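Each reported figure results from applying straightforward, stated rules to the coordinates on display, with no laboratory input. Note that the structure is predicted; figures quoted are calculated from it, not measured. Quick reminder, even Gly has a Cβ in these numbers, built from the backbone with ideal geometry, and neighbours come from all protein chains shown.
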Amino acid sequence: MAGPVFWPMKDAPEVLRFYSDWIADCPDELMTIAVQRRAPALPIVPPELVGKLVLGVTACYAGPVEEGEQVLRPLKEFGSPVLDFCRPKPFLEHQSTFDPSFPHGWHYYVRSCDVAALSDEVIDIVAEHGSHITSPVTSIALWQMGGAVGGIDDGATAFNGRQAGFTFNINGNSKTADGFDAERQWARDYWSALAPHHTSVYVNFLMEEGEERVREAYGAAKYDRLKALKRKYDPTNFFSLNQNIRPD
C-alpha cells in the first residue's frame, strides 16, 4: 500500500496533530512524508483542484497488502480528504511518484533542518508558511524519522540524527528565473521560523552552506572522527565534490 492522501491546506493543523499521534506507535513497515504544495496540473488531479493549496501525507507500507490496508485506514478516513491516491502498487511506481514535480532545468532552492517533534508551535509554523506558497512548484517535504533508523546506536555509524523526530526539506522553486528570488526568500523565512526547534540537519539536504553546517550535520564528535579519517586516507582532499570534510 502506497501513495499520497491530500486535504485542503486550511485543515493543516488538525491533520498534522492527527498525523503526529497516528505515527507515534506505527510499525517499522510504514514510512510517511507530509507534503505542502499547490495541487499540480497532472492527469490524475481533477481540474477544479489544480493550483489549490493542499497538505498531503504520502505513505508506503512495505508489507502484506491486507496489513497495510488496516494500518492506513485511519489516515484515509480522517477528516475530508480531497484526493486519495493511496493503494496497492509496485515499488517502482511508488518510488517515481514525485519525479514529475522535480524535472531538470527548473530553479531550486532548499533549506533543511531536523526537529524533535511536531509540537503545537511547529505545527503552527507549518500551517502559517504553507498558506503563503505561491509558486505551483514550491513545496515542503516533512520526513518521518525513527523506526528502524532510530533503533541503531547513534555512535555506531557516521550518520547523525537517528533520534530526530522529523526532517524538513523546504523547497522554494520556480520554473524559470522569474519569481525565483521570492520563492528562495519564502524558504529562508520558513526555515528561520523553525530555528528555535532545530536539532540537526541531514547532510544530503544541504546546499553550499559552509563547513559549520556540515559539522552540524554530523555532530562535533563524529565530525572530528571523520576529519581524522580524511587526514589518513585522503590527505590531499581528492574526494571533495560533496559536503566536504577537509583533512586540515
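Can you bin the range 199-248 into rounded, prolate or oblate? Criterion: square roots of the alpha carbon gyration tensor eigenvalues sorted a ≥ b ≥ c, rounded for a/c under 1.5, prolate for a/b above b/c, oblate for the rest.
Judged from the Cα gyration tensor, the range 199-248 comes out oblate (a/c at least 1.5, b/c at or above a/b).
Residues with beta-carbon under 13 Å from that of LEU206, excluding LEU206: net charge, scoring Lys, Arg +1 and Asp, Glu -1?
It works out to a net charge of -3.
Can you tell me which of 23-29, 87-93, 183-189 comes out highest on packing, and rank the rest after it, using the mean Cβ neighbours within 10 Å?
The densest-packed peptide leads the list: 183-189, 23-29, 87-93.
Note the angle between two axes, namely the Cα long axis of helix 220-233 and the longest principal axis of the Cα atoms of the chain, as a number of degrees from 0 to 90, rounded to the nearest 10.
60 degrees
Under a Cβ-Cβ cut-off of 9 Å, what is the net charge of the residues other than ARG162 that fall near it, where Lys and Arg count +1 and Asp and Glu count -1?
-2
Specify the inter-centroid distance of the range 2-56 and the range 146-196, based on alpha-carbon positions, in whole Å.
Cα centroid to Cα centroid, the span is 18 Å.
Could you give the length gained by full extension between ALA177 and PHE91, i.e. 0.36 nm per residue of separation minus their alpha carbon distance, to one decimal place?
So the extension gain works out to 27.5 nm.
Taking the Cβ of each residue in HIS197, HIS104 as the centre, tally the other Cβ atoms inside 10 Å and list the residues starting with the fewest.
In increasing order of surrounding Cβ atoms, one gets HIS104, HIS197.
Among the lysines in the chain, how many pairs, 8 or more places apart or on different chains, have alpha carbons under 22 Å apart?
7
Can you give the Rg to Rh ratio of the chain, both from alpha-carbon atoms, with Rh computed by the Kirkwood formula?
Ratio value, two decimals: 0.98.
What is the range 2-207's relative contact order, in percent, from Cα pairs under 8 angstrom and six or more apart in sequence?
Reported relative contact order: 27 percent.
Can you sort TRP7, TRP106 so the residue with the fewest Cβ neighbours within 10 Å comes first?
TRP106, TRP7
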